[in-house]
Amino acid sequence: MRYVSPRLGLAFYVFRKSQGEWQLAFGVLADDIKEACIDALILRFDTDVPELYYHHGKRQVVEVRAKKYSLWHIYLNNAYVGSIQYYTFTKQFNYHLEDNGLLTDDHVQKYIAMIQRGELKWIKDDIR
């Protein structure tokens, strides 16, 4: 189902995020176009998502969520896969990555660089 405006010749589609998942709520699109739209929505509006890629045809969404005390948790498709810690005394980042095989040290280094550039949230107001 889609709404086509007779005066403007436009079709409208409605996407929404429900329980953390983007979905097409109004309209009908081919699967590949629908998935491309959802990818674009994730990258545009999910601010904790530094990366999205496909592995064996399945969407892999990486989230880096800021926690208190200069800590970030890394999730892959909502499953915990590691953490990043910033030590204020040494001014160094350290990280731990579970052995899931999909995310590598290079991925985490990229996320650390994004944190340093302010592209990912950082809760800086914690006091130790």
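The values are calculated or read from the model by the stated rules, or taken from the named source; none is laboratory data. The structure presented is a predicted model; accordingly, all values stated were derived computationally and were not measured. FYI the Cβ positions are ideal-geometry reconstructions off the backbone, even for glycines, and counts take in every protein chain you see. For accessibility, only protein heavy atoms count, side chains too; no ligands or nucleic acids. Shrake-Rupley method; radii C 1.70, N 1.55, O 1.52, S 1.80 Å.
Rounded to the nearest 20, the size of the Cβ-charge dipole of the chain about its Cα centre is 540 debye, with Lys and Arg at +1 and Asp and Glu at -1.
Structural descriptor for the chain: relative contact order 14 percent, calculated from alpha carbon pairs under 8 angstrom and at least 6 residues apart.
For the stretch 59-121, trypsin sites (Lys or Arg not before Pro) are listed when DSSP marks them as loop and at most 10 other Cβ atoms sit within 10 Å of their Cβ; the list is K68, K91, R117. Our coupling estimate for the stretch 87-94, obtained by passing each phi through the Karplus curve with A = 6.51, B = -1.76, C = 1.60 and θ = phi - 60°, is 9, 5, 5, 8, 6, 10, 9, 10 Hz, Gly and Pro reported as x.
Probing with 1.4 Å while keeping every protein chain in the model, the per residue accessible area of the stretch 1-124 equals 66 Å². On a 0 to 90 degree scale, rounded to 10, what angle separates helix 31-45 from the longest Cα axis of the chain? Helix 31-45 and the main axis of the chain meet at about 40 degrees. Of the solvent-accessible surface of the stretch 1-92, computed with a 1.4 Å probe and all protein chains present, 55% belongs to carbon and sulfur. Taking each residue as 0.36 nm, the span from S18 to H73 lengthens on full extension beyond its C-alpha to C-alpha distance by 17.6 nm.
Close amide-amide hydrogen proximity is noted between V81 and I74, Y75, L76, each under 5 Å apart and 5 or more residues distant or on a separate chain (H modeled in the peptide plane; Pro and chain starts excluded). For the stretch 59-128, the set of chymotrypsin sites (Phe, Trp or Tyr not before Pro) satisfying both a DSSP loop assignment and a count of at most 11 other C-beta atoms within 10 Å is given as Y69, F89.
Taking θ as phi - 60° and the Karplus parameters 6.51, -1.76 and 1.60, the scalar couplings of the stretch 61-72 work out to 10, 9, 10, 10, 9, 6, 10, 5, 6, 6, 10, 10 Hz in sequence order, x denoting glycine and proline.
A Gaussian network model of the chain, with springs between Cα atoms under 10 Å, assigns the largest mean-square fluctuation among G57, G118, G27 to G57. Computed from backbone phi with θ = phi - 60° and the Karplus coefficients 6.51, -1.76 and 1.60, the 3J(HN,Hα) list for the stretch 51-56 is 7, 9, 8, 10, 10, 6 Hz; x is used for glycine and proline.
Mind running the shape call on the stretch 62-125? Use the C-alpha gyration tensor, a ≥ b ≥ c as the square roots of the eigenvalues: rounded below 1.5 for a/c, prolate if a/b tops b/c, oblate otherwise. Because a/c hits 1.5 or more and a/b exceeds b/c, the stretch 62-125 counts as prolate. All Cα-Cα separations within the chain were binned at 10 Å from zero, giving a P(r) of 11, 36, 27, 15, 9, 2, 0, each value a whole percent of the pairs.
Give me the angle, in degrees from 0 to 90, between the Cα long axis of helix 105-116 and the longest principal axis of the Cα atoms of the chain, rounded to the nearest 10. Rounded to the nearest ten degrees, it is 90. Since only L52, W122, N78 are under comparison, the one whose Cα sits farthest along the positive direction of the charge dipole of the chain, derived from C-beta charges on Lys, Arg, Asp and Glu, is W122.
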